[in-house]
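Okay, structure first, notes after.
What follows draws every value from the coordinates through simple rules; no lab data is involved. What you see is a predicted model; the values in this text were computed from it and never measured. Using ideal geometry, Cβ is built from the backbone for each residue, glycine included, and neighbour counts are taken over all protein chains shown.
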Amino acid sequence: MSKQNGSATRNGKKHVSDESREYSVGEDLRQRGVSRRDFLKFCSAVTAALSLPVSFAPKVAEALDEIKRPPLVWLEFQDCAGNTEALLRAANPTAAEIVLDILSVDYHETIMAAAGHQAEAALDKSITDYKGKYICVVEGSIPMKDGGVYGCVGGKSFLDLARKVCGGAAATIAVGTCAAYGGIPAAVPNPTGAVSVKEAVPGATVINLPGCPVNADNLTATIVHYLVFGKIPALDAFGRPLFAYGKRIHDNCERRPHFDAGQYVEQWGDDGHRKGFCLYKMGCKGPLTFHNCPSQRYNEKTGWPVGSGHGCVGCSEPAFWDSMGPMYKRLPEVHGFGIEAMADKIGIGLAVGTAAAFAVHGAIMAINKDREPGDTTREG
Amino acid sequence: MTRTQVHEHCKLKRYIWELPVRWCHWINVFSIVTLTATGAFIAHPFSVAHSASDFAMGWVRFLHFAIGYLFTVSVVSRMIWLLIGNRYAGWREYFPMLTARGRAKLRDMFRYYLFMSHQVPETIGHNPLAATAYFLVFCIYIVMILTGFAMYAQHAPGGLMHRSLGFMYALFNTPTLHLLHHSLPWLLLGFVINHVYSAWLMDIKEHGAEISSIFSGYKFTLKKEDE
């Protein structure tokens, strides 16, 4: 456990010393001083993250012991590097090591030591030498408008890079909501025509790991799944792994008993808020959001938004930003009535209007002397 | 000649609304009232519980889901009855604008409602104006049922219901499902005001037992539909 820092330097060197790739993951860990005990702890944690039975932990360990390190390239497009931050700040050292050190990270703009032409040459070498074998991680959305002029690295547009790198990868992992669904850059009015990786490169094999930021444990688990089983995990209709996005936050929430009981935070800082009641009325989007935040949590599993007393904002949903808002209201606002009006206000207006209209109608009808059908003798 | 004279002064008792039609109508009334009440609580709950072991919202949601199933069965049964019921229950009744005769009846009713005519039109089955509205109401029912079950199915992603409703998630994102399911009942409330008012109005004006017909099935009309 001697290596908490300096991964950037090592990663920068990796593309130079190709023979290090020949080590198995287990061997590499041992060489780097990660104890067998820590390795097995990591295997158990990742098995749990993958929702596999505990009996799979030895199998994961066995597979990781033998598997050869796959090359990995990390591309950053229209992003805030928040997912990189989430990964680098992963408190559990073995998790970060597995992803950053054990994988052969050949290219990562934020952390690599190489720069300029050297770095681009490393990327080219990796994607040529390991065509169809490397893993690509993408962070950030891809601008499509005006021929993709709104973002480029080394003179190549994000779109061209994505097509080239993601197109030749064994699998592309889109980390964060921007890469998975366009995210904040794609929010109205979307000035750069930002799209997700899957939309930009429809032919690529893409695993979406949305979230703002991605949960680093889910990324590690996805990569381990790929290493152990040789295939990508089962995905839902939005391309998200079921092990991490297969359940609603609301259904696994630690505050759920308060929801079912009928105990709600009515106001920030009120008694219920202090007692940890349900945040449903404060606009929590947990009932609309599929993610394993309640069980996996962030920051060494110490906390997550709802646990900290703030409602879920639905950051990992395809609809995030444009339709998950307002953050502190349960339902979206209704536009198009001149002013922004909530659905209920419109509804009440409609009901009152209808009642008033028919009251007037009824009053006129009461005065009117109408002829009954076919009967000329009576008036109704 | 005697018969004609009788026709001019006496109304004939006619069986209009068959039993399934009346059952569906009253199950719908019950469902809509209880679903609206429970739905309003789900949308705007107030803190009622004294301990986390209470189950207030749990029971309200259970009622909402159970009655949601009842309502669905009722609406689906009524849709089947559209095909096998009598002429007043059949699907053609809801599209009066498709026939010249229907359009004429629709125009007469429209003129009457806008005070342009003082001749109360004779309606034997559905009021053509009402029937047109019922078509829209049916559409609202279907959207309510589909959005409701689409949200409900999210508790078990990958399950049969969730997979069958896959098209709903492709059409609408989840916040839109919630907004639609929350907003459309306001249209139904507007409809209910209109519906009760019109039934009351026509009962008074037509002298055909409009209101009691949905309990008994019988209306009193001067002439047969085809005459």
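Highest-first packing order for the peptide set A:134-147, A:346-359, A:305-318, A:259-272 is A:134-147, A:305-318, A:259-272, A:346-359, based on the mean count of other beta carbon atoms within 10 Å. The charge dipole of chain B, taken about its Cα centre with unit charges on the Cβ of Lys, Arg, Asp and Glu (plus for the first two, minus for the last two), comes to roughly 500 debye.
Legend: mean number of C-beta atoms from other chains within 10 angstrom of residue C-beta atoms, peptide B:175-182, equals 5. Using a Gaussian network model of chain A in which every pair of alpha carbons under 10 angstrom is joined by a spring, one finds that among A:LEU87, A:LEU52, A:LEU219 the greatest mean-square fluctuation is at A:LEU52. Note on B:LYS13: lysines with a C-alpha under 23 Å away, same-chain residues under 8 apart excluded, are B:LYS105, B:LYS205, B:LYS219, B:LYS223, B:LYS224. Taking every residue in A:246-254 and counting other chain Cβ atoms within 10 Å of its Cβ, the average works out to 2. What FRET efficiency do you get for B:LEU70 and A:GLU300 if R0 is 35 Å and r is their Cβ-Cβ distance, rounded to the nearest 0.05? After rounding to 0.05, the efficiency reads 0.10. For chain B, the relative contact order is 29 percent, taking Cα pairs closer than 8 Å that sit 6 or more residues apart in sequence and dividing their mean separation by the residue count.
Taking a ≥ b ≥ c as the square roots of the eigenvalues of the alpha carbon gyration tensor, chain A is prolate, as a/c is not under 1.5 and a/b beats b/c.
Ordered by the count of other Cβ atoms within 10 Å of each Cβ, fewest first, B:GLU93, A:GLU27 give A:GLU27, B:GLU93. Highest-first packing order for the peptide set B:198-211, B:58-71 is B:198-211, B:58-71, based on the mean count of other beta carbon atoms within 10 Å. Given R₀ = 35 Å, what would the calculated FRET efficiency be for A:ASN252 paired with A:GLU199, taking r from the Cβ atoms and rounding to 0.05? Calculated transfer efficiency: 0.75. Note on B:ASN86 and A:HIS310: their simple-model spin labels are 6.5 nm apart, each label 7 Å out from Cα toward Cβ.
Seen through its C-alpha gyration tensor, with square-root eigenvalues sorted a ≥ b ≥ c, the stretch A:101-222 comes out oblate because a/c lies at 1.5 or above while a/b is not bigger than b/c. By the helix-only formula, in which each DSSP H run with n ≥ 4 contributes -39500 (n - 2.57) and the sum is divided by residues, chain A has a 222 nm mean residue ellipticity of -10500 deg cm²/dmol. Between 0 and 90 degrees, the angle of helix A:116-129 with respect to the longest Cα principal axis of chain A falls at about 90 degrees. Helix B:100-113 and the longest principal axis of the Cα set of chain B meet at an angle near 80°. Around the Cα centre of chain A, unit charges on the Cβ atoms of Lys, Arg, Asp and Glu (plus for the first two, minus for the last two) sum to a dipole of about 660 debye.
Counts of other chain beta carbons within 10 angstrom of each beta carbon in peptide A:346-359 average 4.
Need one word for the stretch A:247-332: rounded, prolate or oblate. Basis is the Cα gyration tensor (sqrt eigenvalues a ≥ b ≥ c); a/c below 1.5 gives rounded, then a/b vs b/c decides. Verdict is oblate for the stretch A:247-332. Beta bridges from DSSP with both residues in the stretch A:102-224: antiparallel share about 30 percent, rounded to the nearest 5. With everything on Cα atoms, drop me the angle between helix A:158-167 and the longest principal axis of chain A, reported from 0 to 90° to the nearest 10. The answer is roughly 70 degrees. The order of A:CYS293, A:CYS80, going from fewest to most other C-beta atoms within 10 Å of their C-beta, is A:CYS80, A:CYS293. Adding -39500 (n - 2.57) for every DSSP H run of four residues or longer, then dividing by how many residues chain B holds, sets the calculated 222 nm ellipticity at -22500 deg cm²/dmol. Take every Cα pair under 8 Å whose residues are at least 6 apart in sequence, average their separation, divide by the length of chain A, and the relative contact order is 13 percent. Here's the list of lysines a cross-link from A:LYS281 could span, going by alpha-carbon distance under 16 Å and ignoring same-chain residues fewer than 8 apart: A:LYS329. Would you please give the FRET efficiency between B:VAL48 and A:LYS369, computed as 1/(1 + (r/R0)^6) with r the Cβ-Cβ distance and R0 = 45 Å, to the nearest 0.05? According to the calculation, E is roughly 0.30. Taking a threshold of 19 Å on the Cα-Cα distance, which of the pairs A:LYS68/A:LYS131; A:LYS247/A:LYS285; A:LYS125/A:LYS231; A:LYS41/A:LYS301; A:LYS59/A:LYS301; A:LYS41/A:LYS231 fall above it? Too far apart for the 19 Å limit: A:LYS125/A:LYS231; A:LYS59/A:LYS301; A:LYS41/A:LYS231.
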